[in-house]
Amino acid sequence: MKSKDAKLKDLHFIPRCDLCLKVAALSQMRCGSCNGSISFDYDKKLPIFDETKSGISRFWSRLPLVNPDTRITLGEGGTPLLKVDLGHENIWLKNEMANPTGSHKDRQISLAISHAVHLGKKLSAIVSAGSTGLSNAAYTSRAGIKGIVFTGESARSDRVYPIHILGSEVIRVKDDIDNVIDKLTELSAETGVYNSSTARHINPYQAEGPKTIAYEIYEDMGCAPDWMIVPAGGGGTYAAIGRGFIELFEAGLTDRIPRLVGAVPSSYNALEHGHNLGYQSMEEIKKHAIGEGIPTILAKLAHVYPPDAEDALKMARKLNGYFLSASDEESMDACEFLASRVGLYTEPSSGTSIAVLRKFLASGAANKSDKIAVMVCGSGFRETVTFSEKRPFTPNAINLDAMLENITL
Ligand SMILES: [Zn+2]
């Protein structure tokens, strides 16, 4: 097993620059020569599945984990795959709400904090009042290192309170959130502060986490689906799930790679728009900003410039995938539909996946026999305030002697 001081030559992965292909050190988040993003070459002779390990460490051969046995874990992964009938007979929901902090980001942050601890870091910082901030707070607490979560000035108290309880310092910054992200990236490069950001060009180690969703779906279904609907905010999860299925295909385990349909908010649909117009670069997306300043309850998916857009657009072209959008109202309707039909209470940003599923089925793109996987990734229990503000509900109050007559089918 790899020691804490593992050298690159002893590892099953090699960090390498996407652009100049130079090998990077384990401590580098970007290429030291050309500033390119980093990907990992894996020893493809190793099997993808290792049943002697537990959780996402079972897939250590395709993850940049120096030591899978000392991974910082709260029991992430291994989430249920539920067969449901939502207007098509072959739909499977991958319930990522079952992760420790209620979203798939725990897979990524487990890898990031494990990397931070391997490097001897005593602090991890992140910019987010959403899923990643919450996850980072949980995993820094688990690792016994300090967590700092920077948020925008208007971050809601019900979102930052759990981060505070989990032991992270929460600091609101009076500036545009994109400027805060840029500033932390700059400070991390200058000072070595560990940045757990879930954008691949800022932290490539976390970016491999969502591949494990593809592996688990394959395991539970016994094959790869024909289609998969994935919520796409920054685009990193979409791209990584695609990489996971490609690796299964390359290992000869499946004869198909699903077409990925990215679910995006209607008012922040840079990925849908960019894909439809054939964009390939962030420059093209930046030239045509979409959504800037538009209020939305789908905040966890709302990016004017999705940080992993280039990866997501490239993956969509490669797998013949595409993106569909849904509005705030459609997403909330879909949450109510899913909750009442299946018993899963999702946050609005995950309702977008179900709203897009309904549009996808209505489009007739899927054949009757096609297998469709849908990722549902954020627990509604974290966003009850959003629901109650938009769709207030006050139960009837009755007298004691009226209880019997109110018990009706
Ligand atoms: Zn380079």
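Against the definition (surrounded by 14 or more Cβ atoms within 10 Å (Cβ to Cβ), outside the structural domain of ALA365 (by TED's automatic domain parsing) and on the phi < 0 side of the Ramachandran plot), how does MET97 come out, yes or no? Considered against the rule, which asks whether it is surrounded by 14 or more Cβ atoms within 10 Å (Cβ to Cβ), outside the structural domain of ALA365 (by TED's automatic domain parsing) and on the phi < 0 side of the Ramachandran plot, MET97 comes out as no.
Checked against (1) away from the ligand (no atom under 16 Å from the Cβ); (2) at positive phi; (3) at pLDDT 95 or above, GLY87 meets all criteria but (3).
Set side by side, the residues GLY278, GLY252 differ, and just one is under 30 Å from LEU46 (Cα atoms), without any contact (Cβ under 8 Å) to a residue 24 or more places away in the chain and over 17 Å from the mean Cα position of the chain (by Cα), which is GLY252.
Residues satisfying the criterion are absent from the range 56-65 (criterion: of a type outside the set (D, E, K, R) and either within 16 Å of the ligand (Cβ to nearest atom) or open to solvent by 50 Å² or more (accessible area, probe 1.4 Å) (or both)).
Criterion applied to SER157, SER128, SER188 was being closer than 30 Å to VAL376 by Cβ and either crowded, with 19+ Cβ neighbours inside 10 Å or in contact (Cβ under 8 Å) with a residue 24 or more places away in the chain (or both), and the one residue passing it is SER128. When PHE150 is tested against (1) of a type in the set (Phe, Trp, Tyr); (2) over 22 Å from ILE177 (Cα atoms); (3) touching a strand residue (DSSP E or B) at 6+ places or on another chain (Cβ under 7 Å), exactly one condition is not met: (2). Of the residues making up the range 9-55, those that are open to solvent by 30 Å² or more (accessible area, probe 1.4 Å), within 16 Å of the ligand (Cβ to nearest atom) and touching a residue at least 24 places away in the same chain (Cβ under 8 Å) are ILE14, ARG16, SER27, MET29, ARG30, SER39, ASP41. Residue check: PRO80 meets all listed conditions (1) open to solvent by less than 40 Å² (accessible area, probe 1.4 Å); (2) away from the ligand (no atom under 16 Å from the Cβ) but one, namely (1).
This table checks each residue for (1) under 21 Å from GLY130 (Cβ atoms); (2) out of contact with any Pro (no Cβ under 7 Å at 6 or more places or on another chain).
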| position | (1), (2) |
| --- | --- |
| GLU336 | no, yes |
| THR346 | yes, yes |
| ALA355 | yes, yes |
| ALA362 | no, yes |
| ILE372 | no, no |
| THR384 | yes, yes |
| GLU405 | no, yes |
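Kindly evaluate GLY293 against the criterion of being on the phi > 0 side of the Ramachandran plot and open to solvent by less than 70 Å² (accessible area, probe 1.4 Å). In short, no. Test each condition in (1) modelled with pLDDT of 95 or more; (2) over 30 Å from LYS7 (Cα atoms); (3) not aliphatic (A, V, I, L, M) for TYR194 and report the one that comes out false. Only one criterion in (1) modelled with pLDDT of 95 or more; (2) over 30 Å from LYS7 (Cα atoms); (3) not aliphatic (A, V, I, L, M) is unmet by TYR194, namely (2). Counting only residues that are under 21 Å from the mean Cα position of the chain (by Cα), basic (Lys, Arg) and more than 13 Å from GLN108 (Cα to Cα), the range 55-92 holds 2 of them. Total residues in the range 286-302 satisfying the condition of being assigned to a loop (DSSP other than H, G, I, E, B) and modelled with pLDDT under 90: the figure is 6. Taken residue by residue, the range 204-216 has no member that is outside the structural domain of PHE49 (by TED's automatic domain parsing), open to solvent by 30 Å² or more (accessible area, probe 1.4 Å) and at pLDDT 95 or above. Within the range 225-249, track down each residue that is open to solvent by less than 10 Å² (accessible area, probe 1.4 Å) and either free of Cβ contacts under 8 Å to residues at least 60 places away in the same chain or in a helix (DSSP H, G or I) (or both). Of everything in the range 225-249, those that are open to solvent by less than 10 Å² (accessible area, probe 1.4 Å) and either free of Cβ contacts under 8 Å to residues at least 60 places away in the same chain or in a helix (DSSP H, G or I) (or both) turn out to be TYR238, ALA239, ALA240, ILE241, GLY242, GLY244, PHE245, LEU248. The set of residues in the range 167-185 that are open to solvent by 60 Å² or more (accessible area, probe 1.4 Å) and of a type in the set (A, V, I, L, M, F, W, C) contains only ILE177. A single member of GLU383, GLU330 is of a type in the set (D, E, K, R) and more than 20 Å from ILE91 (Cβ to Cβ), and it is GLU383.
The values are calculated or read from the model by the stated rules, or taken from the named source; none is laboratory data. Computed from a predicted structure; not experimentally measured. FYI the Cβ positions are ideal-geometry reconstructions off the backbone, even for glycines, and counts take in every protein chain you see. All accessible areas refer to the heavy atoms of the entire protein, side chains included, with ligands and DNA or RNA removed. Shrake-Rupley method; radii C 1.70, N 1.55, O 1.52, S 1.80 Å.
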